[in-house]
1. Among K39, K50, which is the only one that is in contact with a Ser or Thr (Cβ under 9 Å, 6 or more places away or on another chain), charged (D, E, K, R) and either surrounded by 16 or more Cβ atoms within 10 Å (Cβ to Cβ) or free of Cβ contacts under 8 Å to residues at least 24 places away in the same chain (or both)?
2. Restricting attention to helices (runs of 4 or more DSSP H) lying wholly within the range 140-254, give those where 1 or more residues are of a type in the set (D, E, K, R).
3. Considering only the range 110-132, how many residues are more than 14 Å from A381 (Cβ to Cβ) and surrounded by 11 or more Cβ atoms within 10 Å (Cβ to Cβ)?
4. Of all the residues that make up the range 105-122, how many are under 22 Å from I242 (Cβ atoms) and not in a helix (DSSP H, G or I)?
5. Could you figure out which of (1) surrounded by 11 or more Cβ atoms within 10 Å (Cβ to Cβ); (2) more than 27 Å from the chain's Cα centre (by Cα) isn't true of M162?
6. Looking at (1) modelled with pLDDT of 95 or more; (2) away from the ligand (no atom under 16 Å from the Cβ); (3) surrounded by 24 or more Cβ atoms within 10 Å (Cβ to Cβ), which is the only condition F307 fails?
7. Given the conditions (1) in a loop (DSSP other than H, G, I, E, B); (2) within 16 Å of the ligand (Cβ to nearest atom), report the number of the one that S279 does not fulfil.
Amino acid sequence: MKKPPLHLRIMLGMVLGVLCGIAFTQFEGGVQLVSDWIKPFGTIFINALKLIAMPLILGSLIKGVSDLKDISKLSLMGGRTIGIYIITTVLAVSIGLLMVNTFRPGTSIAEETREELVATYSSDAAEKQAVAKKQKEAGPLQALVDLVPDNIFKATTENGNMLQVIFFALFFGIGLILIPPEKAKPVKDFFDAFNEVILKLIDLIMMAAPYGVFALLAALVVESPSLDLFRALGMYAITLLIGLALMIGVYSLLLRLYVKIKPSKFLQGIAPAQLLAFSTSSSAATLPVTMERVEEHLGVDEEVASFVLPIGATINMDGTSLYQAVAAVFIAQAFGMDLSLGAQLGIILTATLASIGAAAVPGAGMVMLVIVLGQAGIPEAGLALIFAIDRPLDMCRTVVNVTGDSAVSMMVAKSVGKLKKNPKEKKWDDHYKKND
Ligand code: ASP
């Protein structure tokens, strides 16, 4: 019998995972069973993805940059990438503000629900506040200082230091462009082959994706708090989800107008990356798959994808910035505060910066939300209000983060003439069948 395509199998894994999680919560000891015997497979899957993220960035970025041949091309692409990233992020925050001011979800939270939520989650919220405080205490140029590693081996051992690895790879790539081609050749050939190996590893890991997401979702379901809390926060969640859906609409429109690709084709192309973003809640863990999808299925040249996507995974988080705008105003509404236009414009700025600063890992957007709240004068304890429902919403905003990076990579590729019309449709699914 013919196997269904990969994204369908991943989806099936997700559905079965949720059902399995629900089933196991029905009897005593079920939760423990899932934690002991199912969850570890999800962890192994995420670890495997993270394991290749650093080598992938190093290999593909060095190769991508050194293929550019001259540095002016690099600065052209860099300028466009950053420019489009900032524009889409500001758009996302604005959509978030528009939604939350239209639906006003915070006003529907009853006084006693608010108090209950604050009481239940205040210690968790305090933890996030402490992390955010540390980040805030750093000087204004700390982000710049953090960009330059003092030891590349140390930088690559810390998955949180993706920007440092990107910096090193760019720097190394520039060096390769500047030395005589015959000297550069063996190094380039090495990274070329290195890259191929990593891409093959992604193929292999993706074979396990349906099982990996099954385990992740089953574990998530058994660990999630009670349904009542979700219900109280329903309006907030719906407002945010509508905003996120609109943002995907914005990408589709931009791509339709500028790249002339049908939204359905784009979405189909990156579906496995989106599903993985949803299951892992981490743009960084999803990065290898995002790269493979845009290169193999959407025709973005490797040179562009290897430059735009790793940078995007760390600094371009449209879903996160949209979420921060909605969450900040929601909390203000729940506490009966009316935010002035000035305060809301301030949110556009701080949410843009906070999403750039957020790490591409689960829950990072919430840590940075503390900074947005502080800047706008909204009580930080309000974090406790949204805690219960943050994980599922994190999963959704990560989908938008990854979709945004992919869309921008297509736009940048188009703008520098590096978008192939007919990407050779091979790889995963065919490949998967062969390997089965
Ligand atoms: N989980 C998100 C990501 O990895 C960041 C966030 O928490 O918003 O893209």
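1. Exactly one residue qualifies, and that residue is K50.
2. Once the helices (runs of 4 or more DSSP H) in the range 140-254 are filtered for at least 1 residues that are of a type in the set (D, E, K, R), what remains is 142-147, 152-157, 181-207, 209-223, 227-232.
3. Filtering the range 110-132 down to residues more than 14 Å from A381 (Cβ to Cβ) leaves 110-113, 131.
So of that shortlist, the ones also surrounded by 11 or more Cβ atoms within 10 Å (Cβ to Cβ) come out as 113, 131.
Within the range 110-132, residues that are more than 14 Å from A381 (Cβ to Cβ) and surrounded by 11 or more Cβ atoms within 10 Å (Cβ to Cβ) number 2.
4. Counting residues in the range 105-122 that are under 22 Å from I242 (Cβ atoms) and not in a helix (DSSP H, G or I) gives 1.
5. Among (1) surrounded by 11 or more Cβ atoms within 10 Å (Cβ to Cβ); (2) more than 27 Å from the chain's Cα centre (by Cα), M162 violates only (2).
6. Looking at each condition in turn, F307 falls short on (1).
7. (1)
To keep it simple, each residue is scored yes or no on (1) over 29 Å from S224 (Cα atoms); (2) at pLDDT 85 or above; (3) in contact with a strand residue (DSSP E or B) (Cβ under 7 Å, 6 or more places away or on another chain).
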| site | (1), (2), (3) |
| --- | --- |
| Q333 | no, yes, no |
| L345 | yes, yes, no |
| A364 | no, yes, no |
| V372 | no, yes, no |
| A381 | no, no, no |
| A384 | no, no, no |
| F387 | no, no, no |
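The values are calculated or read from the model by the stated rules, or taken from the named source; none is laboratory data. What you see is a predicted model; the values in this text were computed from it and never measured. We place every Cβ from the backbone using ideal geometry, glycine too, and count neighbours over all the protein chains shown.
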